[in-house]
Every structure is written in C-alpha cells, then in structure tokens.
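See below for the structure under consideration.
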Amino acid sequence: MNDQHTRQQLVNALAARQAHLLFETAIHGFPPNHYNSKPPNLPYSFWHLLEHLRITQADILNYIENPHYQYLQHPEDYWPPSDAQAGSAAWQRTVDDYLADRAALVAIVQDPARDLTAQIPHAQPGHTILREILVIAAHNSYHIGEFGILRATLGLW
C-alpha cells in the first residue's frame, strides 16, 4: 500500500470535488431567506441539515482525538432542536466550524506520524483513523448531495 497515495485519496474524499458535490459548491450563494426553510415532507431545514453535518463531523474528530470521548445520543444529539432557527451569524458559524473541523481531519490524515490503520487507543475494537475518515467522508458526501438535491427541488440554485 502506498501510504502517501492513500492519504491523498482520503483528503480528496473529505475536501475535493470528485464524484460528489463539494460542500463549498453546495452552500455557495444559498439565499439567506431560506436558511430555515423546510423542504416538503421533511422535519428539518437547510440549516438543520448543515448543522447535522457539522455536529457529526465534530463528533468524529472528537472520537479520534479525545481519550475521554463521551458518546452522543443518536439521533437526538446529532441534530439541532427541530424548532431551532438560524440567522446569518448562526449559518456562518455552522459553515466556519464545519470547515475548521474538516481541516483538522485533513491535517490528521496528512500527518505521516499518524498510523491510519492502528487501533484508536480509546475507541471500540477495530476503529482506526482510516475507518473514521471513511465513515465521515461517506456521511458528508451523502448529506451534501441531499442538500444539493433539496436546493434544486426548491429552485434555489
């Protein structure tokens, strides 16, 4: 296995435009008057969806890094309250925090001193950095695509 190639592919899965919509593209120019819009038949808004991405990614980062990690309750702790709303400051904070945590995950992946396939000492058996990066990359890709499709459905591009 070529370690540098593997690391680059993981970085790409997190932060490059490939076969999935890039986070920055999905949110670019999103109309502020729709931050709290709930697409038909969904219990969450566009901001709720972004906040879910942020919370879940932050949780994975915490899981990797924190030897005193505390599990969140699923699903309630991974979503903001259903009645929570965001103005421009909250939207931007969600975006900024998501990008900062993604950058932290990229830095972990790029650190040659980190063994991507080693058991995370405080984690469940078989949980490695490689596994966690694959989990969050798949999760993010899924929900960013969902965001783009919902945006298109409501004509918000």
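Some observations on this one:
- Karplus-based coupling profile of segment 110-127, in residue order and whole Hz: 7, 6, x, 6, 8, 7, 5, 9, 7, 4, 5, x, 9, 9, 5, x, x, 8, with θ = phi - 60° in 6.51 cos²θ - 1.76 cosθ + 1.60 and x standing for Gly or Pro.
- For segment 18-157, the relative contact order is 34 percent, taking Cα pairs closer than 8 Å that sit 6 or more residues apart in sequence and dividing their mean separation by the residue count.
- The residues neighbouring Ile129, those whose beta-carbon lies less than 15 Å from its own, together hold a net charge of -3 under the Lys/Arg +1, Asp/Glu -1 convention.
- At 1.567 mPa s and 4 °C, Stokes D of segment 1-63 from Kirkwood alpha-carbon radius, µm² per second: 92
- Electrostatic tally near Ser82: other residues with Cβ closer than 15 Å to its Cβ, Lys and Arg +1, Asp and Glu -1, net -3.
- Loop-resident trypsin sites (Lys or Arg not before Pro) (DSSP state other than H, G, I, E or B) in segment 1-108 with no more than 15 further Cβ atoms inside 10 Å of their Cβ: Arg17.
- Here the Karplus curve 6.51 cos²θ - 1.76 cosθ + 1.60, taken at θ = phi - 60°, turns the phi angles of segment 4-14 into couplings of 5, 5, 4, 4, 5, 5, 5, 4, 4, 4, 7 Hz, with x standing for Gly and Pro.
Every read-out reported here was derived from the displayed coordinates using simple, explicitly stated rules and does not represent laboratory data. Here the structure is a predicted model, which is why all the values come from computation and not from measurement. Note that each Cβ is placed from the backbone with ideal geometry, even for glycine, and that neighbours are counted across all protein chains shown.
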